[in-house]
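Participant: Let me begin by handing over the structure; questions about it come next.
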Amino acid sequence: MTDPLTASTPLERALALLWGRDTRGSRGPARGLTLDRIVEAAIEVAEREGPAAMSLRRVAARLGVGVASLYTYVPGRAELEALMLDAVAIGRTLPHEWPGDWRAKLTALAHDDWREIRRHPWVLELGAAEQVPGPNMLRWLDSALRIFDGTGLSEPEKLSAIETVDAYVRGLGRLRGPGADRAVSGAGPAAASGTATGAAAESKSASEDTRERDQVLGRLVDFDDYPALSRALAAGGTPYSGAPFEFGLERLLDGIEQLVLRRSA
């Protein structure tokens, strides 16, 4: 087994930590300190103070230990980030276990992904780096691929479908920023029943923010200069409100469904 403290590259060290988890907690001199607790503390720092504030020194301070104690468990920030991402990569249930057909499960997967972005917005920043697949991440991906069992899609097509939906959710999350969750309520596995009515509704705070923005813009902007946009606004459209989540997701699923129908014909 590769020793994560002596491996030659950050990637190799991160993979050794992720996949050699039977050795965690056996190294450190600090009583009660474990790799799991270090990862938990790092996530707490990222969620309370933002990912930019997350450092081994800051995590050590939160744990009440010297930073040298952490280095006996995790070699550096890059390795710690890989452990953090894997820690939040999976929920209590897996996508293929959710009710409904493949489309219901894929809808639930997208809502679950969006909900996790709301709970852990820092994953969008850390996730921009090269992903290092850990046990949770691969277990989730394996389960997601099983959604398409019996659809007739090829194995590469199944993988591309999952990656496309995941990229859509995360891309919209990056576009919307930390408030991306306001306009779409997390449906999680419940969306598989097709009754996730909260997904299209704006929260009270989001509606208030949107109204305030539009009032200010109405005083500053002559919308006659933007005729196409004016028509969209007059018809009830609200740009940059988060509403496109459900619309875009349904169009993606429509496209995948057409492919499934062709493969099963």
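Participant: Filter region 119-146 for residues that are closer than 12 Å to V88 by Cβ and at pLDDT below 85 and give the result.
Facilitator: The answer is R119, L126, G127.
Participant: Mind listing just one residue for me: the one in region 236-258 that is at pLDDT 85 or above and of a type in the set (A, V, I, L, M) and, of those, farthest from R174 (Cα to Cα)?
Facilitator: Taking region 236-258 and keeping what is at pLDDT 85 or above, we get 245-258.
Subset that is of a type in the set (A, V, I, L, M): 249, 252-253, 256.
Numbers: L249: 16, L252: 18, L253: 21, I256: 23 Å.
Once the filter is applied, the top-ranked residue is I256.
Participant: Output the residue which, of all residues in region 200-235 that are modelled with pLDDT under 85 and of a type in the set (K, R), is nearest to the chain's Cα centre (by Cα).
Facilitator: Of everything passing the filter in region 200-235, K204 is nearest to the chain's Cα centre (by Cα).
Participant: Somewhere in region 164-183, is a residue farther than 30 Å from S55 by Cβ and at pLDDT below 90?
Facilitator: Yes, region 164-183 contains a residue that is farther than 30 Å from S55 by Cβ and at pLDDT below 90.
Participant: Which residues, taken from region 98-115, are touching a residue at least 60 places away in the same chain (Cβ under 8 Å) and of a type in the set (D, E)?
Facilitator: Correct list: D112 only.
Participant: Just checking, does region 150-158 include any residue being within 23 Å of G91 (Cβ to Cβ), in a helix (DSSP H, G or I) and either among the aliphatic types (A, V, I, L, M) or at pLDDT below 90 (or both)?
Facilitator: For region 150-158, residues within 23 Å of G91 (Cβ to Cβ), in a helix (DSSP H, G or I) and either among the aliphatic types (A, V, I, L, M) or at pLDDT below 90 (or both): absent.
Participant: Another question about this same structure. Restricting attention to region 121-159, and to residues there that are polar (S, T, N, Q) and out of contact with any Pro (no Cβ under 8 Å at 6 or more places or on another chain), which single residue is surrounded by the fewest Cβ atoms within 10 Å (Cβ to Cβ)? Can you show your working first?
Facilitator: Applying the first criterion (polar (S, T, N, Q)) to region 121-159 yields 131, 136, 143, 151, 154.
With the extra rule that they be out of contact with any Pro (no Cβ under 8 Å at 6 or more places or on another chain), the set shrinks to 131, 136, 151, 154.
Values: Q131: 14, N136: 16, T151: 20, S154: 12.
Only one residue tops the list, namely S154.
Participant: Let me ask another. What number of residues within region 222-265 satisfy the criterion of being of a type in the set (A, V, I, L, M), over 30 Å from K105 (Cβ atoms) and exposed (fewer than 11 other Cβ atoms within 10 Å of the Cβ)?
Facilitator: The total comes to 3.
Participant: Something else about it: Give me the helices (runs of 4 or more DSSP H) completely within region 50-148, filtered to those with at least 1 residues that are within 20 Å of K158 (Cβ to Cβ), ordered by residue number.
Facilitator: 102-119, 135-146
The values are calculated or read from the model by the stated rules, or taken from the named source; none is laboratory data. All of these numbers come straight from a predicted model, not from anything done at the bench. Note that each Cβ is placed from the backbone with ideal geometry, even for glycine, and that neighbours are counted across all protein chains shown.
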